[in-house]
Amino acid sequence: MKKYLVVIEKTDTGYSAYSPDLPGCISTGASREEIERNMQEAIDFHLDGLRRGGFPIPEPQSYSRYVEVPA
């Protein structure tokens, strides 16, 4: 099992998301729950397409971290 970082951003109409380790793998959703579900499906679909096409599956490399700064 691999874990891929997913970046979720609030938009004017809901949410959008992408995975930095899977170029072109993006999704949108109206709520946080929907975007998380949609992105899971998008990653599954993306990886399935890579496998079927005989392409290598990228290793997860991205990570996230919060940095505190004075406000």
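The values are calculated or read from the model by the stated rules, or taken from the named source; none is laboratory data. Since we're looking at a predicted model, the values are computed, not measured. Methodologically, a virtual Cβ is constructed for each residue, glycine included, from the backbone with ideal geometry; neighbour enumeration extends over all protein chains shown.
Numbers at a glance
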read-out: Filter result (in contact with a His (Cβ under 9 Å, 6 or more places away or on another chain) and buried (at least 20 other Cβ atoms within 10 Å of the Cβ)) within the range 12-24; value: 19, 22
read-out: Subset of the range 32-71 (residues that are farther than 26 Å from residue 12 by Cα, among the aliphatic types (A, V, I, L, M), surrounded by 13 or more Cβ atoms within 10 Å (Cβ to Cβ) and within 15 Å of the chain's Cα centre (by Cα)); value: 47
read-out: Checklist (1) touching a residue at least 40 places away in the same chain (Cβ under 8 Å); (2) of a type in the set (D, E, K, R); (3) in contact with a strand residue (DSSP E or B) (Cβ under 7 Å, 6 or more places away or on another chain) applied to residue 3, failing item; value: (3)
read-out: Residue list for the range 27-64, filter: closer than 13 Å to residue 6 by Cα, touching a Leu at 6+ places or on another chain (Cβ under 9 Å) and assigned to a helix (DSSP H, G or I); value: 42, 43
read-out: Hey, residue 20 out of contact with any strand residue (DSSP E or B) (no Cβ under 8 Å at 6 or more places or on another chain) and outside any helix (DSSP H, G or I) or not; value: no
read-out: Flag if residue 5 is in contact with an Asp or Glu (Cβ under 7 Å, 6 or more places away or on another chain) and at pLDDT 95 or above; value: yes
